[in-house]
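Values quoted throughout were computed directly from the atomic coordinates according to the rules given, and no laboratory measurement underlies them. Because the structure is a prediction, the values reported are computed rather than measured. Backbone-built Cβ (ideal geometry, glycine too); neighbour counts: all protein chains shown.
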Amino acid sequence: MFKYLSMEPEEADGELKHLVFHELFHCLTRSNPDFRRDMYSLIHFTVQDEDFPIPPGVFEYHISNPDVEHHNAYATFRIDGKDIDCFTDFVTARHFEKEGDSFFETGTTALIPVDGTVTYYTPAQAENFDEIFGKNTDYVIDPEECMADHFALTMNYGMEGPEGKGYPNPEIIEGILNYLSGK
């Protein structure tokens, strides 16, 4: 919170608005499963009833995220020329070795096959990773965080985008606007 004190007022205002809308999205997905399902579908994720188990070899590197309440959404990623249904988890690529190591510096999105295979793939291994998550935000560690950022962008900037030049994937923003307007 103190980082906002060192910013120019306009910059701090924009950052705070983004944060509020981002966190509001998390509240909405927790209280409205249909909203969550519909929002995730905008980035090609399907929500099912039961959580997928995180395999022990992946769980060893799992980084807990209190905003990601469930691991029950999957998308079809193209890996080594094959379509593989995967759910996501945020993991560290290695154990922390020294004080000050940051999970954002060592972390990656794990694409975990839903079939129970005890392995995971990285975003670089998925030929269609950007097609699934879009390129409007870099916060693509989980569909929950990705869509929370999309929601914040939508609420703050509409179709114009933060720089007034639109988005690489405007269909995601348009989908949110259509949902909110009841279309």
How large is ³J(HN,Hα), in whole Hz, for each residue of the stretch 115-126 in order, when computed from phi with the Karplus curve 6.51 cos²θ - 1.76 cosθ + 1.60 and θ = phi - 60°, using x for Gly and Pro?
-> 7, x, 4, 8, 7, 8, 10, 9, x, 5, 7, 9
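Charges at C-beta only: +1 for Lys and Arg, -1 for Asp and Glu. How large is the resulting dipole of the chain about its Cα centre, in Debye rounded to 20? Can you show the working numbers first?
Details: 12 positive and 35 negative charges, 45 e Å.
So the dipole magnitude of the chain works out to roughly 220 debye.
May I ask for the Rg/Rh ratio of the stretch 31-112, computed from Cα atoms with Rh as the Kirkwood radius, given to two decimals? Write down the numbers at each step before the final one.
Values: Rg = 14.4 Å, Rh = 14.2 Å.
Rounded to two decimals, Rg/Rh equals 1.01.
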Amide hydrogen neighbours beyond the local backbone of Ala110, cut-off 5 Å, H modeled = Asp89, Phe90, Val91
Where the centre of each part is set by its Cα atoms, how far does the stretch 122-173 sit from the stretch 11-78, in angstrom?
-> 13 Å
How far is it, in nm, from the label point at Glu23 to the one at Glu69 when both lie 7 Å from their Cα along the line to the Cβ?
-> 1.7 nm
Find how much the distance from Glu50 to Lys183 grows on full extension, using 0.36 nm per residue of separation minus their present alpha carbon separation; answer in nm with one decimal.
-> 45.0 nm
Efficiency by 1/(1 + (r/R0)^6): what FRET value for Phe35 and Lys165, r their Cβ-Cβ distance, R0 = 41 Å, to the nearest 0.05?
-> 0.90
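Classify the stretch 15-180 from the C-alpha gyration tensor, please: rounded if a/c falls under 1.5, else prolate or oblate depending on whether a/b exceeds b/c. Don't jump to the answer; show the numbers that get you there.
Numbers: a/c = 1.60, a/b = 1.40, b/c = 1.15.
In terms of gyration-tensor shape, prolate.
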FRET efficiency estimate (nearest 0.05) - Cβ-Cβ, Val118 to Lys82, R0 25 angstrom = 0.90
With label points built 7 Å along Cα→Cβ from the Cα atoms of Asp13 and Asp130, find their separation and express it in nm.
-> 3.4 nm
Mind giving me the nanometre distance, one decimal, between the label points for Glu99 and Asn156, set 7 Å out from Cα along Cα→Cβ?
-> 3.4 nm
